[in-house]
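Below is one structure, written out as structure tokens; the observations come after it.
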Amino acid sequence: MGGGREVLGALSAPPALRICHLYPDLLNLYGDRGNIMVLVQRARWRGLPVTVTEVGLGEAVAPDAGDLFFIGGGEDRQQRIASDDLCRIKRAALEEAMRDGGVMLAVCGGYQLAGRYYRPAEGEDLQGLGLLDLWTEHPGPTTRRLIGNLVIEVEGMDDPLIGFENHGGRTHLGPGARPLGRVLTGFGNNGEDGWEGAVSRRVYGTYLHGPFLPKNPAFADRLIREALERRHPGVVLSPLPDAQAARARAVMLARLGQRAAG
Amino acid sequence: MLGTMRGGDLTGVRLGAAIVLGKMTATLSRRLQQGGGTTMPGRVARAVEPRLLPLLSRRLRYGSVIVAGTNGKTTTARLLAHIMREAGHHPVHNRAGANLAAGILSALLEDVDLRGRPAGDIGIFEVDEATVPRVLPHLAPRVAVFTNLFRDQLDRYGEIDTIAGLWRAAGEALPAGAVLVANGDDPLVYEAVRGLPGRLVAFGIEDERHALPAIEHTAEARYCYRCGTPYQYALTYFGHMGRYRCPTCGVGRPPLDVAAQDVALEGPEGAAFVLDAPGFGTVKVTTALPGLYNVYNVLAASAAAFVLGASVEQVRAAVASFAPAFGRAERIVAGGAELRVLLSKNPAGFNEVLRTVLSDGRRPVVLIAINDNIADGRDVSWLWDVDFEHLAGRADHVIVAGLRAEDMALRLRYAGIPDEAVDVQPGYEPALRSAVSRAAGRPVVVLPTYTAMLGIRDVLRRWGAVGRYWEH
């Protein structure tokens, strides 16, 4: 019965990727739009229709505004503005979207806001969405930021994820979230326990900031596939030529003394 | 009495030793070709006499000027030095990029004689934006110039708000009577200097024809620094430069003391505009510095020069005769091709450079060289904030070089540049050779990050196309 609906979908039109970009002009610190560009291009290269809905401050978001929600990073001041807005007018809708099989990628400051709270170096706590069971605390303005290249190993993926991190806050996971991966190079969540990022249902949070999807096309495709599955279960993505990404990965892995798989 | 004399003698001895050691270090590092001795002399001398910077700088008869900001520091400081030279002064001036305390001190050491007497009469120093608090109290500048604030090397400098905060705190220590020359079109700069002691001289552009249709994604200041309300922009020129106003607290772009009107951009060849400075005069200026971003640099240098007593005619003549430094769009002939090297180190600057070099429709060969050394910023995420999409259909060949050549090629792939138009040549010499060989009468534009620019200059020097860098 379920199969019949799927065939009908495939016959009528290719599945559309619906992206919802939260605060594109507020949380955009480190080339965050690069992640959106990669998701859009990889869908287009496959002939899939794409829509990107941008939702800013003061705007309500519908649970159906997208299948893949993205939230990027910002400075403490921008994060505080976003925190109020998220909790006031967006939380319920985002919770519903995630319950309903929606996918979220939350990066850096966005990752912190997807958790329970962020305690900045100065000032009051910022309330988070609570979509991930974690909390983040900044140990104080004189503490060293965690900055540098970051490579993590993710369960179920052949290749490690490669990117860059730059954060003052230290994140700790509660029992309701599991880490996205294990740190091979860099600091990760807190520089202590060897874990990086968090996953719960289809909500992904990571300190791999800015445009980490270009160099990690397999992870980009995983997000695209899971987003499409919300309305098109069993969807299969055709492979794309990713030789250039592989070369860029190999250069960085060699420099960091990590072996490139495959 | 005796104690004072002894103390004085000791200071004198230490000062003398510091100067001698600093000068010896400069000679030695130049002889060893260690990069012209632009910072080591200052480091060595400071170890002997930690107060050397204030001791030497206060001997400059007309005091010091500092120039700080994300983009345009080097060009603004060099242009200001050129104007003041034309106006009959003898500026002491640090080398491009040597803009930490040690670099400023090295410039002073080079200028003074063995008894610490300066040959120059005014210091004009570009200062790294994060170093302002460490340098400003020692230099006690007469004029502090603030060009703009954009995201740049976030891994090194931290957040933009942090830099603005540092400037504000440092500005409180400005001497009475100091003048702040600040970009009024940049709300982040204006908020950093507003209300500080000292007279504010604001500069900016008044030409609606150069307004963009919409605010760009590289704009840093969309929300009021004070109250978080979105700024209302009547117009923007690039990034967040423009005519802004906060509807809640009412703070908006200040009235301009020095303005550019009727701006004519001549692609990479330069620009012309009317320099209108109520209180100083009005004059039409032409410059070899290309692009709207350089109009701001000319405005900043001119405003500071007016404050320091230069006449409108002196400013006009000096701006017209000013030749750009290496990496700031100077024209170079190499391998039979015409090259321009334009330092491109952050999204806002890179976008302006792209706009400028692509504007004349000559379909240049483009060489992009990206490094991630500490001086470049180790994080290359910012490449995704640059609109390389502009290259599609406007350039037939793009050569990518540097430590992050492969990442740059990946960025171009997503920008819609066909793979066959991109040549990946990590080494500078093969990359330059590839670019020159593809020129066929078209201009070659080289867009490097800071350390890649130094590497490219070395190759061009070996080719005999440019001189040694400490000669600039």
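First obtain the Kirkwood hydrodynamic radius of the range B:265-423 from its Cα pairs, then insert it into the Stokes-Einstein equation at 25 °C and 0.890 mPa s, and state the resulting D in µm² per second as a whole number. Each step should come with its number before you reach the end.
On the way: Rh = 17.3 Å.
D, rounded to a whole number, is 142 µm²/s.
Apply 1/(1 + (r/R0)^6) to the Cβ-Cβ distance of B:ARG442 and A:ALA250, taking R0 = 41 Å, and write down the FRET efficiency to the nearest 0.05. All intermediate terms of the calculation are to be shown ahead of the outcome.
Numbers: r = 33 Å, r/R0 = 0.80.
So the FRET efficiency works out to roughly 0.80.
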### Task
Step through the residues of the range B:181-188 one at a time and calculate ³J(HN,Hα) from phi using the Karplus curve (6.51 cos²θ - 1.76 cosθ + 1.60, θ = phi - 60°), rounding each to whole Hz and writing x for Gly and Pro.
9, 9, 6, x, 7, 9, x, 5
### Query
Number of Lys-Lys pairs in the protein assembly as shown under 27 Å by Cα, sequence gap 8 or more or different chains?
4
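Please find the FRET efficiency linking B:GLN232 to B:THR286, where r is the Cβ-Cβ separation and R0 is fixed at 35 Å, and quote it to the nearest 0.05. Let's see the in-between values first.
Details: r = 34 Å, r/R0 = 0.98.
Efficiency, from the Cβ-Cβ distance: 0.55.
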### Task
With a point put 7 Å past each Cα toward its Cβ, work out how far B:ALA392 is from A:GLU96 in nm, to one decimal.
3.6
### Message
Can you compute the label reach from A:ARG201? Point 7 Å from Cα along the Cβ direction, backbone N cut-off under 19 Å, restricted to the range A:22-40.
### Response
A:22
### Query
Which value in deg cm²/dmol, rounded to the nearest 500, describes the helix-derived mean residue ellipticity at 222 nm for chain A, given -39,500 (n - 2.57) per DSSP H run of n ≥ 4 and division by the residue count?
-8500 deg cm²/dmol
#### Entry: Table column - 3J(HN,Hα) (Hz), the range B:194-205, Karplus curve with 6.51, -1.76, 1.60, x for Gly and Pro
4, x, 6, x, x, 6, 9, 10, 9, 10, x, 10
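Can you pull a Stokes-Einstein diffusion coefficient for chain B at 20 °C (1.002 mPa s), Rh from Kirkwood over Cα pairs, as a whole number of µm²/s?
Values: Rh = 23.0 Å.
Using the Kirkwood radius from Cα pairs, D works out to 93 µm²/s.
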### Integer Hz, Karplus 6.51/-1.76/1.60 couplings in order for the range B:376-385, x for Gly and Pro
8, x, 7, 9, 9, 3, 4, 4, 7, 9
#### Entry: Distant-in-sequence amide H partners of B:VAL92 (H built 1.01 Å from N, under 5 Å)
B:ASP121, B:ILE122, B:GLY123, B:ILE124
### Query
Which of B:ALA320, B:GLY12, B:GLN261 sits farthest toward the positive end of the charge dipole of the protein assembly as shown, with +1 on the Cβ of Lys and Arg and -1 on the Cβ of Asp and Glu?
B:GLY12
### Task
Would you mind pulling out the separation of the Cα centroids of the range B:52-126 and the range A:15-62, in Å?
48
#### Entry: In nm, spacing of pseudo-spin labels at A:ALA16 and B:LEU28 (7 Å Cα→C-beta vector)
7.1
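Which GluC sites (Glu not before Pro) from the range A:75-151 combine a DSSP loop assignment with at most 16 other Cβ atoms within 10 Å? It would help to have the intermediate numbers written out before the result.
On the way: sites: A:GLU75, A:GLU95, A:GLU96, A:GLU122, A:GLU124, A:GLU137; in loops: A:GLU75, A:GLU122, A:GLU124.
Here the GluC sites (Glu not before Pro) that fit, given the DSSP loop and packing criteria, are A:GLU122, A:GLU124.
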## Note on the structure
Protection proxy (average C-beta count within 10 Å per residue), highest first, orders B:412-420, B:140-148, B:381-389 as B:140-148, B:381-389, B:412-420
#### Entry: Amide H partners (placed H, <5 Å) of B:GLY402, local residues excluded
B:ILE370, B:GLY427
### Message
Given a Förster distance of 51 Å, report the FRET efficiency between B:GLN261 and B:ALA169 from their Cβ-Cβ distance, rounded to the nearest 0.05.
### Response
0.90
### Query
In the range B:387-472, with Lys and Arg counted as +1 and Asp and Glu as -1 at Cβ, which of these residues, B:VAL398, B:ALA431, B:PRO418, has the Cα nearest the positive end of the dipole, that is, farthest along it?
B:ALA431
#### Entry: For B:369-378, mean number of other protein chain Cβ atoms within 10 Å
1
## Note on the structure
Between the modelled labels at B:ARG462 and B:ARG43 (7 Å from Cα along Cα→Cβ) the distance in nm is 2.5
### Message
Once each part is reduced to its C-alpha centroid, what is the distance from the range B:325-386 to the range B:428-464 in angstrom?
### Response
11
### Message
Are there any trypsin sites (Lys or Arg not before Pro) in the range A:106-148 that are in a DSSP loop and have at most 10 other Cβ atoms within 10 Å? List them by number.
### Response
A:ARG144
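Read-outs: derived from the displayed coordinates by stated rules, not from any lab. Only a predicted model underlies this, so the values are computations on that prediction, with no experimental measurement involved. Cβ sites come from the backbone with ideal geometry, for glycine too, and all protein chains shown count toward neighbours.
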